[in-house]
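The values are calculated or read from the model by the stated rules, or taken from the named source; none is laboratory data. These figures come from a predicted structure and were not determined experimentally. Glycine also receives a Cβ, built like all others from the backbone with ideal geometry; neighbour counts cover every protein chain displayed.
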Amino acid sequence: MDCPFLRDAHVKYCRSSALRKMIVQTPEAAAGELCTSGLYRDCGAYRSTPQNKEGDPLCPWYQQMEVQYCGAAAVRKFVPYNESPLSRCRNEGYRYCELYMGLAGASSCPAVEGIRVPEQLYYAPNHMWLDPGSEGDFHIGIDGFLARVLGAVERISFLTLSGVKRPAAVLTAGGVDLTMVFPKALLVTGTNIYLRASPAKLTADPFTAGWLFQAAQVNTVHSRPLEHVTSGMLRGEAARRWIAGEVERLSRFVHDRMDMPADGGVFASGVLEHLSSEDALMLVSEFFGVDAHWKHK
Ligand code: SF4
């Protein structure tokens, strides 16, 4: 499915010009234009580089092609149609494009204790999510529960940049390093490198601008069903029940460590930095470690 802002156009340009300026063809502009009528012989560019096809009704330097461009961008950049199929604009990856997100606005989704749990995502026991596109592509990130625990992230280092691996990154928050490893091996095709410059987006917008990895199924030629990738992960109502249980479990953990009454409410955003280093490391290993498993569903 293409991005709704993706546009098709027919453009023309002059091959004799040093600067390739593409002009969108419209029926009005085509009528009586220089390049596609005998008038091209009066064109200064043609006269300076004449060709020997004088009888040709089209200027020999005239070129046209089908292109696509982003209707949401301030400056139009034309991409030849046959070069764009792999671009994110032509598959569901457009949902993670900054321009698209800026114009589409935030969509509402179910929440548990103020933590968003988007319906369409699959959740792993270490609080990472997976969004399968319809064309075998995936996006991966951290869920809203982990985002709340972290509060502000100081640094992100990607451990996996490409290849068939379990996507991994180190997140630094509250003086603690968390090594987040997605539990399934996938073909990593990209990382959200913009997070290195703006790590705050990871927790401010964990389901859109804060995505971490882009991936594809291993061996897409004989691609296995989606269930192979999503098996053992939770979604929808089951995911919401699990998050509710995790909120309770983590709040209890924090109250115990900080010697607070058991009814001290739900843990606060950025709780990690209020714990001693020892307790913070214990919390990370218990909830977000590589070997985290379902404690309740
Ligand atoms: S650049 Fe972004 S908004 Fe523009 S067409 Fe591509 S995905 Fe859509």
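Take the conditions exposed (fewer than 14 other Cβ atoms within 10 Å of the Cβ), closer than 30 Å to S285 by Cα and more than 9 Å from the ligand (Cβ to nearest atom) and apply them to E119. Does it pass? Yes, satisfied.
Residues in segment 99-115 that are over 30 Å from R241 (Cα atoms) and modelled with pLDDT under 85: G102, L103.
For beta carbons closer than 6 Å, sequence separation of 6+ or different chains, a first residue in segment 1-23 that is more than 20 Å from R90 (Cα to Cα) and modelled with pLDDT of 85 or more and a second that is of a type outside the set (K, R) and within 16 Å of the ligand (Cβ to nearest atom), the qualifying pairs are M22/F78. Applying the set (1) at pLDDT below 90; (2) over 23 Å from the mean Cα position of the chain (by Cα); (3) within 28 Å of F158 (Cβ to Cβ); (4) assigned to a helix (DSSP H, G or I) to D256 leaves exactly one unmet item: (3).
So that you can scan it fast, the table gives a plain yes or no per residue for (1) outside any loop (DSSP other than H, G, I, E, B); (2) exposed (fewer than 14 other Cβ atoms within 10 Å of the Cβ); (3) in contact (Cβ under 8 Å) with a residue 12 or more places away in the chain; (4) out of contact with any Asp or Glu (no Cβ under 9 Å at 6 or more places or on another chain):
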residue	(1), (2), (3), (4)
E135	no, yes, yes, no
F138	yes, no, yes, no
L146	yes, no, yes, yes
V149	yes, no, yes, yes
V153	no, no, yes, yes
I156	yes, no, yes, yes
T160	no, no, yes, yes
T172	yes, no, yes, no
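Taken over segment 183-198, the residue count meeting the criterion of being surrounded by 14 or more Cβ atoms within 10 Å (Cβ to Cβ) and of a type in the set (K, R) is 1. The residues listed here are A72, A9; of these, the one that is within 16 Å of the ligand (Cβ to nearest atom) and part of a loop (DSSP other than H, G, I, E, B) is A72.
Just one of the listed residues (C109, C89) is within 16 Å of the ligand (Cβ to nearest atom), surrounded by 12 or more Cβ atoms within 10 Å (Cβ to Cβ) and either of a type outside the set (F, W, Y) or more than 16 Å from the chain's Cα centre (by Cα) (or both), and it is C89. Given the condition part of a strand (DSSP E or B) and in contact (Cβ under 8 Å) with a residue 12 or more places away in the chain, answer yes or no: does some residue in segment 113-121 qualify? The answer is yes; a qualifying residue exists.
Within segment 75-86, being near the ligand (Cβ under 10 Å from one of its atoms) and touching a residue at least 12 places away in the same chain (Cβ under 8 Å) holds for V79, S84.
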